[in-house]
Every structure is written in structure tokens, then in C-alpha cells.
Amino acid sequence: MEILRTENVNKIYEDNKVPVHALKNINLKINKGEYVAIAGPSGSGKTTLLNLLGTLDKPTSGKIYFENSDFTSKSRKELSEFRLRKLGFIFQAYNLIPVLTALENIEFSMMLLGVPEKERRERAKNLMAELGIDGLANKRPNEMSGGQQQRVAVARAIVNNPRIVLADEPTANLDSENGSKLLDLMEKMNEEKNITFIFSSHDKQVIERARRLILLKDGRIVSEN
Amino acid sequence: MLVKLAWRNIWRNKRRSLIVTGSVVVGVVALIFIDGLNNGFLSQMLFNQVNLNISHIQIHKKGFNDNKVIQSFIPDKAKVERILAHNKKIVHFSERVIAFGLVSSAISSSGVYILGINPDDEAKITTISKSIIKGEYFSGKQREIVIGNKLAEKLKVGLGGKVIVLSNRPDGSIGSEVFRVTGIFKSPNSEFNKAYIFVPIKTLQNMLGLGNKIHEFAIITTDYKVTEDVKNEIRNQLDESYEVLSYRDILPLLIMQMELYKETIYIINLIIGLALLFGIINSMLMAVFERINEIGVLMAIGMKNGKIFTMILLESLFIGLLGTALGLITGIGLTELISIHGIDFSLFAESLENWGIGAVIYPKLTLENLIAMLFMIPFITISGAVYPALKAIKLEPVYAISYV
Ligand SMILES: Nc1ncnc2c1ncn2[C@@H]1O[C@H](COP(=O)(O)OP(=O)(O)O)[C@@H](O)[C@H]1O
Ligand SMILES: [Mg+2]
């Protein structure tokens, strides 16, 4: 079942003197529950594409459909609500809220959804236990290693049961051991919860483990399987 | 949770938050202190006048206050005495004869107000008896006179010195008498020390041929706050031939000045408030710019503008509340502490004494101003965060996330 589709998406950055054609005629179809890696050399347009799929930016031309409804024409407020309910994000630099503990970071997304405090706490704790990171509950980001922070970030991304989790180079700042632990976690969540994962990487180890690979070069999809 | 987040965010940059909180504290303390000082200044000015001579309420024959002619006697002295004796809110009252005349020594002479008083009664009404710096207040002899230090200097007389007092009698002839200086007073009001002399009421009545007629009753009530009430009560018991005046009626300029001051304090508040406002805007802008990346992440994970806006306002509000609380404590503490001994302005004593204040000023707090501050400062800190918060929510998520 299709969850996400792009139609002739182009992105041209025009803020500099020379316009950069970062994405060229991207046509993509992603089904529910897929586990997709977007690969390609640096500058090939991976971040740009993920930003568009994550509704953080708008294409210069073309349309992007989520469950058959076009979101390129939606307002900021609608998109914010959409991201809150349907999307989860994992960032390369983890980007947890530095003043909140791991548990609070996970609760935060639920707070934004208006989940009552008691339920929030319980769900966050359960999820941490499920991911095997319950020992980190009361640690602040600066008291955790990168690998630990990124696993908390996964918990934050999935706690509201999103349809899609988008991750831009989630392992780039991790060593290979922590990187593969993270991939295990993402795969597990993909299989158990049927959450669609779309992540970018230029790391061989990561790419090899993807079930579907989209290869970008100079803003074009050069191969797909 | 938003509250928790905002509170913790403040302490991320401890130094900046403390500096901003500190500037709020300084602002609040300054406001409290300036107000306390001015308020002390004005009420000292008022109460010095009241205590020195005016008293709370005066009764005259109608028109006497504006035109102090010798013929304006109290129409029915006994009746007024009965009324005053029966009023429970009146603590003391005294009789006065007031004339304008000339006092001369062997060396020079000076125009003065001559107050004929009953020394024992007057001692309960005014502070002259306590302001004697040389000699004594009256001892009970007939031709004693108490004069101010400035006048003594001018006439070059000392204790026991002789002076002649001249004044018009009601029939137009001149009355005169020789007095011996028994006491020299020094009040905080240098003008008063130059222009007022005190003699026993009987002596003055004889000198001017007044019999037992008087010009004025001076009254002290239980509290200056009930003055207007007491004034109206007395007024209702007397007919149109009397005038009953409170110190507010007698010192209209001073009262006006106090009212004017209330407006001045608004302007001072405004200036300090504006300085605070810009300080807050500046620091909250910095707080936003330092966190562009994080704000982008918050936007990405679905935090709506309203919540981001509220979060930033809360941060500023907390700083404001903290600063206000500390400022109030410090300001009130400091003002109270200083008001025990007052601030010695001896350097400017000359000019202060011309205003009738005295060299030492005791700052005095007003509840009104404290309450105003309690609302004003947090309001300012919130207002100062509005622009930075707007800046924050106008950020584009992609731009913010990749901002380095
Ligand atoms: N904000 C921007 N303004 C201008 N050019 C940009 C911007 N973001 C990315 N680009 C350009 O777009 C191209 C694709 O960048 P990006 O999507 O970041 O690639 P990747 O993530 O694969 O390294 C690059 O040439 C990059 O320089
Ligand atoms: Mg990238």
C-alpha cells in the first residue's frame, strides 16, 4: 500500500548567485512498512530530499503525496500538526533537547500531542525498556554517549506511533559498533511496529543492510531496487 | 512541561540570565529607592510644616487665612472651645494670637510674625518647645520671648538680650513691649527661624489691647488621616462666620507638589522601564539566536508556533519575576535600613532648610508604588520577549535545522 509518492519533484536553491539544481525530476513511490535507504555521495541531494519528504521544505516544482493527499500546498500550521502526528525525525547530530532528561525528551513529543502526564510517563518508560535504554531515563544528553543519545532519539521519533520515520545520516556521527546497534533498533521497530523508515547514508555498512536502496547522484535517482 | 523547559532554559546561560536578572533587580531597587527618597522628602516637607506651626486643623474668623488683619477675631471663643473639647478625635488644641510687626534690638530690626501662645498648650501642638538650642522654652514669666536662630543672628542678640516688639493695635494705634530672650530655637525651616517669634499670649493681648480675644485655634487630631473628617464635623457645628481649614487647605502648594510628584514618578518609572525593556529584548534575542538549531528541531518534531512563542515568553517572565522578587526584597530592605538613620544631606543643608525639610532625609516607601512595580516589571519582561519570540517562530524549519 502506497504511503508516500513524489511527482516530478525539483528543488532549486536560488539564495546564492548561482542557482543550485539540487533535485531533478524525482519520481518515487514508497509503500507502507518499507525500509528504505537513500544513498549517494556528498552533495547528491539526500538531505534536500529528506527535508522535502519531511515537509520541512517545499519543492520548487512537482508534488508530494502522503496517503494520496498533496501536502505541498498545506499551510505551516497544518504541516506542523502533520509532522507531529504522522512523522518522526532522527537527526545526524541527535538533537535531543539539552535541558531535558532522556525520559523527558521522549515525553516531550507526547506532551505536544496533549497526552496526559501519567500516560506520557508510563509510555515513555515502557518504550525505553523495550529499546533497552531504561538505564538512561534520568540522564541529560550531555551525560550520554552519542550512541545512547541516538537510541533515545529513536525512541522520541517513534513514541507517537508515526507512519514514517525520516533519518538523515543517523549513523554518521557513530562508530561502527554503535552504528550497527542503531540499525538493529531501527530494523526491529520497522518489523515489529510496521513503521516506514526512510534514511540517508553514504556509509557502505548501512547501505548494505537496507531492504530497498535509492541511489542519488547530482540530484537524480540513478538506480533503484 | 513547557514551564519546566522554560525554567531550565534560563539556566543554560547562567551568566547572561544572572546579568539580566541583576539588571531587573537594580532597576527595581532604583525605583523603590528613588520613590522612597522623594516620598520621604515630600512628607518631611509637609510634616515639618504641620508640626512646626500649622497643626492639623486651624479655626479662624472667615477670611483670616487669606488676609491676617488684627481685627479678625474668633467670634465666639467659648463656643468653639466647647465643640473642640467634645470631639473625641481631637487630642489637643491651643489658642493663638497672631500679629505682624517689627522686632528690634539695639543693632537692627526685622519684620516678623508674632505668635502669642499658651506655652503649655502649644508644646503639645508644635515642635518649637523641642527645637530650643539655647536657653529654655518659656519659664512662666510675663515678658519672655522665644526667637529663631536666624533672627537672633540678624538682631545680634543672645540669651537675656532685650528686644522691642511693635505692632498695630485694632484701633490703628501702635502697641509695643520690651521682651527678654529666654530661648532660641532652630527648626529645619530656615525661613521660619528668621520670621517667627513666640511670646506668651497674655502679654501680647495686653500689648495690643485685645482683652482675651484670639485669632486662631490650632488642633491636633488622633491621626492626620482623619483630619478631613474632623474638619467637616467641626465645620458642621459652626456657622458661616468661621473658617475651618486642614493643613491641606493651608498648604495648597505643598499638596499640589505632592500630587505633581506622583506624576513625576510615573515618568521616572517609564524611563527605567524602557531601559529594562531594551535590556530584555536584547538578551532574549541572544537567547533565540543561540538556539536557532534547537528551535528548528522543535519545529520539525511538531511543536507549534504558539507553544514556542509561549516558551520564550515564559523564560523572560521567570527572569522578570525572579528579578522583581529579589529587587523588592533588596529595595525594601535597603530603604527600611536607610530610613532608620536617614541620609545626611548636610552638604546641601542650606538649600534643604530653605525648603523646610532638614538636612537628614528619611526615605519612605509607598505601598502603591510597590504594588505598581509588582505588576509593571513582569509585564515589561514579557513585553520585551515578544519581538524575540516572533523572530523565533518566523524561522524556516529547514533553515533553522541546518543553521550553524
Ligand atoms: N540551503 C542551501 N542553499 C543553497 N544550496 C544548497 C542548500 N542546501 C543544499 N544545497 C546544495 O544542494 C546540493 C545538495 O545538497 P544536500 O541535499 O545537502 O546533499 P547531501 O545531503 O546528499 O550531501 C548541494 O550542491 C548543496 O551544496
Ligand atoms: Mg546531507
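Summary of values
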read-out	value
B:Leu390 assigned to a helix (DSSP H, G or I) and either modelled with pLDDT of 95 or more or within 14 Å of another protein chain (Cβ to nearest Cβ) (or both)	yes
Number of positions in segment B:55-111 that are β-branched (Val, Ile, Thr) and farther than 23 Å from B:Gly209 by Cα	5
Of all residues making up segment A:38-76, the number that are within 16 Å of ligand 2 (Cβ to nearest atom) and either under 21 Å from A:Glu2 (Cα atoms) or touching a strand residue (DSSP E or B) at 6+ places or on another chain (Cβ under 9 Å) (or both)	18
Any hit, segment A:90-104, residues being over 23 Å from A:Thr196 (Cα atoms), without any contact (Cβ under 8 Å) to a residue 40 or more places away in the chain, away from ligand 1 (no atom under 16 Å from the Cβ) and touching a helix residue (DSSP H, G or I) at 6+ places or on another chain (Cβ under 7 Å)	yes
Checking B:Ile19 against (1) part of a helix (DSSP H, G or I); (2) without any contact (Cβ under 8 Å) to a residue 40 or more places away in the chain; (3) not basic (Lys, Arg), the condition it does not meet	(2)
Some residue of segment A:105-112 being among the charged types (D, E, K, R) and within 14 Å of another protein chain (Cβ to nearest Cβ)	yes
Residues located in segment B:35-82, provided they are surrounded by 16 or more Cβ atoms within 10 Å (Cβ to Cβ) and aliphatic (A, V, I, L, M)	B:Leu37, B:Leu42, B:Met45, B:Leu46, B:Val50, B:Leu52, B:Ile54, B:Ile57, B:Ile59, B:Ile70, B:Ile74, B:Val80
Subset of segment A:24-59 (residues that are more than 12 Å from ligand 1 (Cβ to nearest atom) and hydroxyl-bearing (Ser, Thr, Tyr))	A:Tyr35, A:Thr55
Where a residue in segment A:38-52 is within 12 Å of chain B (Cβ to nearest Cβ) and outside any loop (DSSP other than H, G, I, E, B) and its partner, wherever it lies, is near ligand 1 (Cβ under 6 Å from one of its atoms) and open to solvent by less than 20 Å² (accessible area, probe 1.4 Å), with Cβ under 8 Å and at least six apart	A:Thr48/A:Ala22
Neighbours by Cβ (under 8 Å, 6+ apart or cross-chain): first from segment A:73-87, at the interface with chain B (Cβ under 7 Å from one of its Cβ atoms) and touching a residue at least 12 places away in the same chain (Cβ under 8 Å); second surrounded by fewer than 16 Cβ atoms within 10 Å (Cβ to Cβ) and among the hydrophobic types (A, V, I, L, M, F, W, C)	A:Leu84/A:Leu113
1 or more residues within 14 Å of ligand 1 (Cβ to nearest atom) and open to solvent by 20 Å² or more (accessible area, probe 1.4 Å): qualifying strands (runs of 3 or more DSSP E) within segment A:134-225	A:164-168, A:212-217, A:220-224
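The values are calculated or read from the model by the stated rules, or taken from the named source; none is laboratory data. Predicted, not measured: the structure shown is a model, and the values here were computed from it. Positions of Cβ are generated from backbone atoms using ideal geometry, with glycine treated the same way; all protein chains shown enter the neighbour counts. When the accessible area is computed, the model is the full protein with side chains, heavy atoms only, and any ligands, DNA or RNA have been set aside. Shrake-Rupley method; radii C 1.70, N 1.55, O 1.52, S 1.80 Å.
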